[in-house]
Amino acid sequence: MSLLEVHGITKSFGSLMAVNGVDLALEQGEILGIIGPNGAGKSTLFNVIAGLERPTAGSVSYRGRSIAGLSPDAVCRLGIAKTFQIPQLFPRLTVAENVLVAALYGRGAGLHDARREAEEWLAFVGLGEKAQMPAETLSVPERRRADLARVLATGAPLILLDENMAGLNRTEVEAAVVLLREVRTRGRSLVVTEHIMRAILGLADRVVVLNYGEKIAEGRPADVMRDSAVIKAYLGESYA
């Protein structure tokens, strides 16, 4: 049994079909990349898995249990946590308080344990020295690391990372890839959406490609990037 199983997920917004009949599975300890052009349906698929959107059709199972239609807090408590393209920090709380909230309400930890978790994960992502600063003072790369610390503090075994490297320079991307590999060694499984291909190639075990809401390819990153349908989706007919 896979850790996460998605079967025939469809999500429409009126006449707009954002995701259409997508299947995928994630194994324990795996890093799965989901890529595709803008508007391909990546974030919508993530939102369906995380409980932020109710699917129009299809099923989502986590450890064999159906979770489609559950609320985001219920999904998180079961073991799936999600970052956002634009980190949703509480700007006037300190960085540590932001992570503390995740530990308290995401995993139901007591105050003492939640404080310990916040300290541990902020040190892990390299923000220990900024723990007592207001979150609104963080730079973009720091906000992304704080967002990662928050989802890690929930204790969720499965982390959904929605373009967590957007806006980072090459050096910052390379550091983020190393950090996410270390997250895996700590027992977490990851599903990652990214537009930065070098990050996906250096991180993912497998890649699923979406285009216009449909899955058009799946396999090892190097093989997928040579697929003519994938090249067409990114570069156009003449390149394919």
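The values are calculated or read from the model by the stated rules, or taken from the named source; none is laboratory data. Predicted, not measured: the structure shown is a model, and the values here were computed from it. When we count neighbours, we look across all protein chains shown, and the Cβ atoms used for this are built from the backbone with ideal geometry, even at glycine. To get the accessible areas, we keep the full protein, side chains included, count just its heavy atoms, and leave off ligands, DNA and RNA. Shrake-Rupley method; radii C 1.70, N 1.55, O 1.52, S 1.80 Å.
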Enumeration of residues in the stretch 226-240 that are at pLDDT 85 or above and either open to solvent by 60 Å² or more (accessible area, probe 1.4 Å) or at positive phi (or both): 226, 228, 232
What is the residue count in the stretch 143-187 for residues that are surrounded by fewer than 19 Cβ atoms within 10 Å (Cβ to Cβ) and of a type in the set (D, E, K, R)? 7
Mind checking whether some residue in the stretch 191-211 is over 17 Å from the mean Cα position of the chain (by Cα) and touching a residue at least 40 places away in the same chain (Cβ under 8 Å)? yes
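Among the residues in the stretch 110-122, are any open to solvent by 50 Å² or more (accessible area, probe 1.4 Å), without any contact (Cβ under 8 Å) to a residue 60 or more places away in the chain and within 20 Å of the chain's Cα centre (by Cα)? Give the steps one after another, and end with the answer.
Keep residues of the stretch 110-122 that are open to solvent by 50 Å² or more (accessible area, probe 1.4 Å), which gives 111-113, 115-116, 119-120.
Next, from what is left, pick out any that are without any contact (Cβ under 8 Å) to a residue 60 or more places away in the chain: 111-113, 115-116, 119-120.
This time we only want the ones that are within 20 Å of the chain's Cα centre (by Cα), so: none.
No, the conditions are met nowhere in the stretch 110-122.
Taking the stretch 23-38, which residues are closer than 13 Å to residue 215 by Cα, touching a residue at least 24 places away in the same chain (Cβ under 8 Å) and surrounded by fewer than 23 Cβ atoms within 10 Å (Cβ to Cβ)?
23, 24, 37
In the set 61, 12, 43, which member is assigned to a helix (DSSP H, G or I) and either among the hydroxyl-bearing types (Ser, Thr, Tyr) or farther than 26 Å from residue 184 by Cα (or both)? Before you say what the answer is, go through the steps one by one.
Details: 61 fails: assigned to a helix (DSSP H, G or I); 12 fails: assigned to a helix (DSSP H, G or I).
Sole residue among the options that is assigned to a helix (DSSP H, G or I) and either among the hydroxyl-bearing types (Ser, Thr, Tyr) or farther than 26 Å from residue 184 by Cα (or both): 43.
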I want to confirm something. Restricting to the stretch 58-95 and keeping residues that are in contact (Cβ under 8 Å) with a residue 24 or more places away in the chain and on the phi > 0 side of the Ramachandran plot, which single residue is least open to solvent (accessible area, probe 1.4 Å)? 79
Residues of the stretch 196-218 classified as surrounded by fewer than 15 Cβ atoms within 10 Å (Cβ to Cβ) and either of a type in the set (A, V, I, L, M, F, W, C) or not in a helix (DSSP H, G or I) (or both), total: 1
